[in-house]
Each structure stands twice: as C-alpha cells, then as structure tokens.
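Reading through the structure tokens given below for one structure.
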Amino acid sequence: MLTIYEYAKPEYEQALTQLSRRGDADLERVEPQVREIIRRVREEGDSALKEFTLRFDKREPASVVVHDWRQRAQSVSAATRNALAQAAERVRRYHEHQRDNGFRYTEGGIELGQRVRPMKSVAVYAPGGKARYPSTVLMTAIPAQVAGVRRIVLLTPNPEGEVLAAAELAGVTEVVDAGGAQAVAALAYGTQSIARVDKIVGPGNLYVTCAKRLVFGVCDIDGIAGPSEILVVADDVANPAVVAADLLSQAEHDEAAYPLLVTLSRKQADAVCRELAAQLEQLPRRAIATPSVSEHGFCFVAKDLAEAARVADLLAPEHLSLQVRDPDAMLEQIGAAGAAFMGDYTPEAAGDYAAGPSHVLPTGGAARFGSPLGVYDFVVRTSLIRYSKTAILEQQGLLAELARMEGLEGHARASLIRK
C-alpha cells in the first residue's frame, strides 16, 4: 500500500523533497531513438510514418489520413453520442469564458493595444495504448475551436468510433491515424499528405513527450507531460472510502501514476490504506493500479492543516483534492495546483469528463509555472503601437537618450529624424 511518512521523522522531509522533483523525466534515455524517428519522418514523410506504425503498432494503415472518419463516427450508439455531446457542451461553455478580445487605449497621443488572433492550425494528440480517451479529444480540441482555430488535426493511433465521434463534436477537421514520436514529427514538419501545424498539444507517453520537446521551436507545444497524479488532502472527518476511490481513479491510468495523500493523523492514513487494499481487489484494472499504489503511492502525515498546505504547495500537483472542513480556506494557502477539487462531493473524475475545464493539466510539479490547457493556448498576440506627430516630437529626446545609453546611435537617429 502507500508508503507513509510521519511529520518530524528524519525521512519525512527527505521523501518530500525527492517527490517534489518527480518531474525530472527520463527523456534522455529515449532521446537518441526519438531523434532518429524525427529525422526519418522529416526526410521521408509518409513512407517513414507508415514504417514506424508497422514497427511499433504491428499494423499497416491503408492511409495515414483517415478520409472516412466522419462516417466511422456514426458507428457509436445513441447513448454514447449523447454522453459525449453533454460533456462537449459543458467543456465548450466553460472555455467560452476564456475568450480574450484584446485591448486598446490612448495616452498623450500614443495609441497602444494588443490584438489577439487564433492560430491557423493545431494538432491535438489523444493517446492509444492502455486505454482510449475520447475525453481527451474533447478537452483539447474544444478550447482550440472556441479560440477560432480553423484547422484542428487529431493525432491518434487506430481510432475507434468513440474517439471519432468525440472528434466530430469537438470541431476536429482532420484525423491522422498515427501515434508516438512519428506522429509528432509528421505534424511538426509536414509530410506528402499532411500539412504542418503551428502547435501540438495533448498528453502522451515518454516518446511523445520527448518528441514534443525536440520539435519545440519548429512549432509550439503545450508543455512536457509526465505521469498522471492526484494529491488528496484529508482531515479526520474525510471518508476513507471516498479518499481511496479518488486515489485509485488516478492509479488505474498507468503503473507510473502518482496517488498521493496528506492526512493529519496516522489513524486516518491507516484507514485509507485498508480501503485501498479492499477496493483494489474489486478494480478491473488492478494489474495497473497495484504497482502505481505500491511504487508511487505516498502518504505524508502532517502535524496540522498549515503543514498539509505546505506539503501540497511544494508538490504542486496536477489534481488537488481538498477533502477538508474548509477547502476554500486551505486553497488560499496553496499557490500551485493544476486543478483543485473542492470538498467531499467533488470527484477528480468529474474534472476528467464533464465538469468543464480541460483535463490537460501540468504534471510533475509543473503547476508551479504552468496552467491548464485553455483557449489562451491557441491564440497569438500582437502588440499595437501608434504615435502621433506630437507624441513622437515630445518623446524624441527620451528615446535618443535611452538608445545612446546602450550605444545604439542608429536607434537614436531613427527617432530624431522624424520632424
């Protein structure tokens, strides 16, 4: 079960410090292979993309571009489509609040402002592998659509009906049947059948993450994603069964996922561990969840709520569940978290599917400087500057003074030449 560390014991702070550095992903281990994949796809295009799909996925798609994806999306049941449509509507409604129309203002004859425009094309990645994630399609493509992006390409290996139905609801315009580093390379550089994009977003495995880091600069990316994680802060009135269920909701994602817990007593920690053991026995994906809990599951027994908040802030979790008497007061003490789930009745699963905010969140402590995926990730901003004749004549001396301070006489003269 969870490895438990109690406050004031020597290993407590050491374990906390080590865990705060969990985002140091082992990308170097796969980087040589990923570099070679990117090189081949960049030089050979579709043929390399098909070759790598055959090598890694053991299948050969008829075409890397799925031309009949809208027809295939109709294969899902009415109940499935209805559930996806309800989730899509909630996700869209939330992200419409993130629209940014820019601004303009004038002072002393100088007009200043910021223009906000959508990117022209983006790719959204939905993983295959251990599970299918139509929810990820909704959570990545809908913010792009709300931003006004006209070309939205879905990257996903061997897409099934649920994923394609989600793509249709989310405003996807193209589907590429490919995954892994080779898919990232194809959309970053373009191939014979696929035009390049301005940005690639969405979670993936170590190879996908490494490829995104390597193509950054050729196009933009959303961030460097690691294993999924949840940190539950539970006081002594929290229900151990509910806490355990929330921990397992992340543990079942991947063997490398982090189910983390902060309690105020060893008694509560032990109660949660008993519930974890009981619920694991009944979990269909226990073969995945068990190593997650045993190898990456940790509990810190804090002396009080202030210490619990310090632990949470230091770990800067992707998902933060506050199962305490006053979650609002506690959140005020925590600066870094990808998404905060407030109170006993707010499961992390709600954020994964239908609450509204995108479930693509910073992992590995990146919430210290990163934010959830949103509309703002799919726009570019332009600064607007316009001087009147009176304004430039008044500011010429200042501009020349600052330019000459830096030894740039050409800058000074470009200001002074205007009469």
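Reported count of residues in segment 53-84, each being at pLDDT 95 or above, surrounded by 14 or more Cβ atoms within 10 Å (Cβ to Cβ) and either over 28 Å from the mean Cα position of the chain (by Cα) or assigned to a helix (DSSP H, G or I) (or both), is 8.
Quick check on my filter: what residues within segment 180-202 are touching an Asp or Glu at 6+ places or on another chain (Cβ under 7 Å), surrounded by 18 or more Cβ atoms within 10 Å (Cβ to Cβ) and under 20 Å from Ala62 (Cβ atoms)? Thr191 - this is the single residue of segment 180-202 that is touching an Asp or Glu at 6+ places or on another chain (Cβ under 7 Å), surrounded by 18 or more Cβ atoms within 10 Å (Cβ to Cβ) and under 20 Å from Ala62 (Cβ atoms). The listed residues are Asp352, Asp270, Asp344, Asp304, and the only one of them that is acidic (Asp, Glu), in contact with a helix residue (DSSP H, G or I) (Cβ under 7 Å, 6 or more places away or on another chain) and surrounded by fewer than 20 Cβ atoms within 10 Å (Cβ to Cβ) turns out to be Asp344.
Reported count of residues in segment 1-46, each being hydrophobic (A, V, I, L, M, F, W, C), within 28 Å of Arg286 (Cα to Cα), at pLDDT below 95 and not in a helix (DSSP H, G or I), is 2.
Scanning segment 169-179 for residues that are within 16 Å of Met119 (Cβ to Cβ) and surrounded by fewer than 24 Cβ atoms within 10 Å (Cβ to Cβ) gives Gly171, Thr173, Glu174.
Per this entry, Gly335 is not counted among residues that are over 14 Å from Leu247 (Cβ atoms), part of a helix (DSSP H, G or I) and assigned by TED's automatic domain parsing to the domain that holds Leu247.
Among the residues of segment 148-168, the ones that are buried (at least 24 other Cβ atoms within 10 Å of the Cβ) and in a helix (DSSP H, G or I) come to 5 in all. Look at segment 1-21: where a residue is more than 11 Å from Phe298 (Cβ to Cβ) and in contact (Cβ under 8 Å) with a residue 24 or more places away in the chain and a partner is part of a helix (DSSP H, G or I) and among the hydrophobic types (A, V, I, L, M, F, W, C), sitting 6+ places away or on another chain with Cβ atoms under 8 Å, you get Ser20/Leu314; Ser20/Leu315.
Within segment 254-267, the set of residues being surrounded by fewer than 24 Cβ atoms within 10 Å (Cβ to Cβ) and either in contact with a Lys or Arg (Cβ under 9 Å, 6 or more places away or on another chain) or without any contact (Cβ under 8 Å) to a residue 60 or more places away in the chain (or both) comprises Asp254, Glu255, Ala256, Leu264, Ser265, Lys267. Summed over segment 88-118, the residues that are over 18 Å from the mean Cα position of the chain (by Cα) and not in a strand (DSSP E or B) give a count of 11. Filtering Ala183, Ala188, Ala225 for residues that are modelled with pLDDT under 95 and of a type outside the set (Asp, Glu) leaves a single hit, Ala225.
Pick from segment 241-279 the residues that are of a type in the set (Val, Ile, Thr) and part of a helix (DSSP H, G or I): which of them is farthest from the chain's Cα centre (by Cα)?
Val272
Among the residues of segment 203-221, those identified as in a loop (DSSP other than H, G, I, E, B) and surrounded by fewer than 23 Cβ atoms within 10 Å (Cβ to Cβ) are Asn205, Gly217, Val218.
Could you list all residues from segment 288-327 that are within 13 Å of Ala257 (Cα to Cα) and in a helix (DSSP H, G or I)? Don't jump to the end; show me each part of the working.
Within segment 288-327, the subset within 13 Å of Ala257 (Cα to Cα) is 288-298, 317-319.
Once the filter is applied, which keeps residues that are within 13 Å of Ala257 (Cα to Cα) and in a helix (DSSP H, G or I), segment 288-327 yields Ile288, Ala289, Thr290, Pro291, Ser292, Val293, Ser294, Glu295, His296.
Of everything in segment 123-136 that is within 12 Å of the chain's Cα centre (by Cα) and within 15 Å of Glu162 (Cβ to Cβ), the residue that is modelled with the lowest pLDDT is Ala126.
Among residues of segment 239-252 that are over 13 Å from Arg286 (Cα atoms) and in the same structural domain as Val293 (by TED's automatic domain parsing), those with a Cβ under 7 angstrom from a residue that is part of a helix (DSSP H, G or I) and of a type in the set (A, V, I, L, M, F, W, C), sequence gap 6+ or separate chain, pair up as Pro240/Ala271; Pro240/Val272; Val243/Val272; Ala244/Val272; Ala244/Leu276. Hey, among the residues in segment 315-336 that are aliphatic (A, V, I, L, M) and free of Cβ contacts under 8 Å to residues at least 60 places away in the same chain, which one's surrounded by the fewest Cβ atoms within 10 Å (Cβ to Cβ)? Once the filter is applied, the top-ranked residue is Ala329.
Among the residues making up segment 81-121, those that are closer than 21 Å to Ala167 by Cα and basic (Lys, Arg) are Arg81, Arg90, Arg92, Arg93, Lys120.
The values are calculated or read from the model by the stated rules, or taken from the named source; none is laboratory data. On a predicted model such as this, the values are computed, not experimentally measured, just so you know. Using ideal geometry, Cβ is built from the backbone for each residue, glycine included, and neighbour counts are taken over all protein chains shown.
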